[in-house]
Amino acid sequence: MRVLLRLLTPMVILAAVTQAPAASAEAPCRPGSGIDLSGRNLTTAALPADLTCADLHGATLDGVRLRTTLTRADLRGASLKGTDLSNVNMAGADLREADLTEANLPNADLRGADLREVILDDAMFAYSHLEGADLTGVSMVRARAYNAQFDGATLTGADLRGAKAYYADLRRADLTGVKAADASLYNAILIGTVFHRADLTKAELYSTSADGASFKEADVTEANFRDANGLDLAGSRGVPTELPVPGANCEPGSGQRYAGRDLTGVRDFPDDLSCADLTGARLDGLNLSSVRLDRAILRRASLSGTRLRSLKGADLREARLTGAELSSGDLTGANLGSAVLARANLGSADLRGASLVGADLRDARLGSAKGDRADFTRARMEHANLSSGQYFDAVFRDAVLVGANLSFTRLKGATFQGADVTDMETVNVDDADLSGSTSRMPVGWIVVLWLLGLAAAALLARVALGIVRRGRAAVRERARFEDAKRGVEEEVTSLGEEIDLLDRAGTDAEAADWHEALDAYDAAKAALVTAEDEAGLKAVRDIVHRGRDALTRPRTKGRRERL
């Protein structure tokens, strides 16, 4: 039965051809209006030489070698896997959702064809014509489209991962949202091509002609654009590994634009970013020693701990270069006004003609650097090391050079007007003219005097504290004395009361005792008035005791005689 079908199929095809309406010579037929071969397995069929406008949707033609004209044929959903379509005219054909995996289409004519959602993985397109074709959503993974013509074609959302389309003509083509990671498009014509939101990571686009091409929001991470002509990556994302070498006299900021970007995660930078715009970019801790940044704009960029080498004429105003590694760097003519270079290493760097007005160079290392005609006006250079350097005609006006080391430095013609050179080291510096500079007391003496002042203050504090303590002790002592005096005063008063109670009449002896007690009372009152301390009070008590003894002295014999 299968053999019979194979024998009958050619007759069926021929019969269908004879019954198909002829195409109008005046107007082209519409796709699918010709012979109806839809859904058929035509892998062994003998097909006619002309299937213009034929209905082949859903047909199977896997592995077939076609030499049939398929102009405006309807091949929707057809299976053409591994099919040889070399030199076949398929202009205007409808191939939507057809499967052409591993199909061979060199020199095929697909101009104006509808290839939406077609599968062309691993297909061959060498020298094929796809001008004006619609390849929206097409899958061309690993496809080979050498020298293919895609002028004005639509490849929106196409999958070109790993595809090879070098020398292809993609001028004015729309590749919006295309996935072209690892694709090879080198030497391609990309004039006016649209790559909006395209994924071009690691793609090869070197030596392309890209005048007017748009890469807005395209990811060009690690892409290769070496020697590309007319390239403008404005609005793109990521950093390519290679870029066209800027002109020798390019204008600052006219190169690639990375202003405001965080580039700390970039693994590989182009060798030359001269004239690039990196305003406010984050580049902390990166090794850019092999990247040329001549005349680049790096204003307010963050470069803390970054290794840099070539910055000739670069704009680094207000950049943060704390701890940056710039040893042997070329910064001739660079503008580092108000830049922060604290603890940076500029050893053997070339700073000739550079501007460092208001820069922060505290603890920076500039040993053996060249700074002829460099401008350090108002720079902060406390404890900076400028030893063994050369600064002919340099300007240090109003700079702070406290504790800076300029030993063995050549300073012929350098200006230090208004500079603070306190404690500055100038060993073997014979040509320095420090006239107009100021020098305060050395820091060491300031420290000594400060310590002496602290010691004197501590001593005065101790003396004052002693005085206060003694004053408080005196107050307490005086209070105790007054209490004791009141007690003694009460004793004197008590003695007087006792004297008043006794009659002074009696024997001569008794009268003498009474007068003795009275004298003691008077003496005690007088002594109490002049008593100033415990000794005085003790003397009063002794007088009171003598008076009281006189009153209580026994006179028994005299009293018995009176009785």
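The values are calculated or read from the model by the stated rules, or taken from the named source; none is laboratory data. Small disclaimer: the values here were computed from a predicted structure and weren't measured. With ideal geometry, Cβ positions are generated from the backbone for all residues, glycine too; neighbour counts draw on all protein chains shown. Note: accessible area is taken over every heavy atom of the protein model, side chains too, but ligands, DNA and RNA are not part of it. Shrake-Rupley method; radii C 1.70, N 1.55, O 1.52, S 1.80 Å.
Volume of the convex hull of region 351-464 (Cα atoms only), normalised per residue: 101 Å³. Within the set of other residues whose C-beta is less than 10 Å from the C-beta of Gly313, count the net charge using Lys and Arg as +1 and Asp and Glu as -1. So the surrounding residues net to -1. Mean separation of Cα pairs under 8 Å and 6 or more residues apart, divided by the residue count, gives the chain a relative contact order of 4 percent. Treating each Cα of the chain as an identical point scatterer and summing with the Debye formula, the log10 of I(q)/I(0) at q = 0.11 Å⁻¹ comes to -0.99. Scaling the Cα radius of gyration of region 114-179 by the globular reference 2.2 N^0.38 Å produces a ratio of 0.92. Computed over region 217-343, the percent of Cα pairs more than 22 Å apart is 26.
Extent along the principal axes, Cα only, for region 302-382: 25, 25, 23 Å, with the longest axis given first. Sparse packing (at most 14 other Cβ atoms within 10 Å of the Cβ) combined with a DSSP loop state is found for the following trypsin sites (Lys or Arg not before Pro) in region 373-436: Lys412. If you average the alpha carbon positions of region 499-551 and of region 326-390, how far apart do those two centres end up, in angstrom? Their Cα centres are 99 Å away from one another.
3J(HN,Hα) along region 352-357, derived from phi through the Karplus expression 6.51 cos²θ - 1.76 cosθ + 1.60 where θ = phi - 60°, amounts to 4, x, 6, 10, 10, 4 Hz, with x in place of Gly and Pro. Protein-only accessible surface at a 1.4 angstrom probe places the residues Val194, Val427, Val88 in the order Val427, Val194, Val88, largest first.
For Thr530, the accessible surface of its heavy atoms amounts to roughly 100 Å² (probe 1.4 Å, protein chains only, rounded to the nearest 10). Remark: accessible surface ordering of Ser290, Ser348, Ser128, Ser209 (largest first) is Ser290, Ser348, Ser209, Ser128, probe radius 1.4 Å.
Using a Debye calculation, one point per C-alpha and no hydration shell, please list log10 I(q)/I(0) for region 454-545 at q = 0.18, 0.23, 0.25 Å⁻¹ in order. Treating every Cα as an identical point scatterer, log10 I(q)/I(0) equals -0.81, -1.04, -1.13.
Against the criterion of solvent-accessible heavy-atom surface with a 1.4 angstrom probe, Val475, Val468, Val291 sort, most first, into Val475, Val468, Val291.
If you add up the charges near Ala181, with Lys and Arg at +1 and Asp and Glu at -1, over every other residue whose beta carbon is less than 14 angstrom from its beta carbon, what do you get? Value of the local net charge: +1. With every protein chain left in place and a probe of 1.4 Å, what is the accessible surface of Cys275, to the nearest 10 Å²? Probe radius 1.4 Å; accessible area of Cys275 about 0 Å². Normalising the average separation of contacting C-alpha pairs (under 8 angstrom, six or more residues apart) by the number of residues puts the relative contact order of region 491-544 at 37 percent. Given a 1.4 Å probe and every protein chain left where it sits, what share in percent of the accessible area of region 318-440 is carbon and sulfur? Summing carbon and sulfur atoms, their accessible area is 40 percent of the total for region 318-440. Just check region 140-225 against the gyration tensor rule for me: Cα atoms, a ≥ b ≥ c as the square roots of the eigenvalues, rounded for a/c under 1.5, and otherwise prolate or oblate depending on whether a/b exceeds b/c. Since a/c stays below 1.5, the shape of region 140-225 is classed as rounded.
Extent of region 376-525 along its three principal axes (Cα atoms, max minus min coordinate, largest first): 123, 24, 22 Å. Orientation-averaged projection of region 194-278 equals 5.0 nm² [convex hull of Cα atoms, one quarter of hull surface area]. Exposure check, 1.4 Å probe, all protein chains in place: His515 carries approximately 90 Å² of accessible surface.
For the chain, a crude dipole built from +1 on the beta carbon of Lys and Arg and -1 on the beta carbon of Asp and Glu, taken about the Cα centre, is about 540 debye to the nearest 20.
Pairs of lysines in the chain whose Cα atoms sit within less than 22 Å of one another amount to 11, provided the residues are eight or more positions apart or on different chains.
Mean sequence separation of contacting Cα pairs (under 8 Å, at least six apart), scaled by the length of region 93-195, corresponds to a relative contact order of 19 percent.
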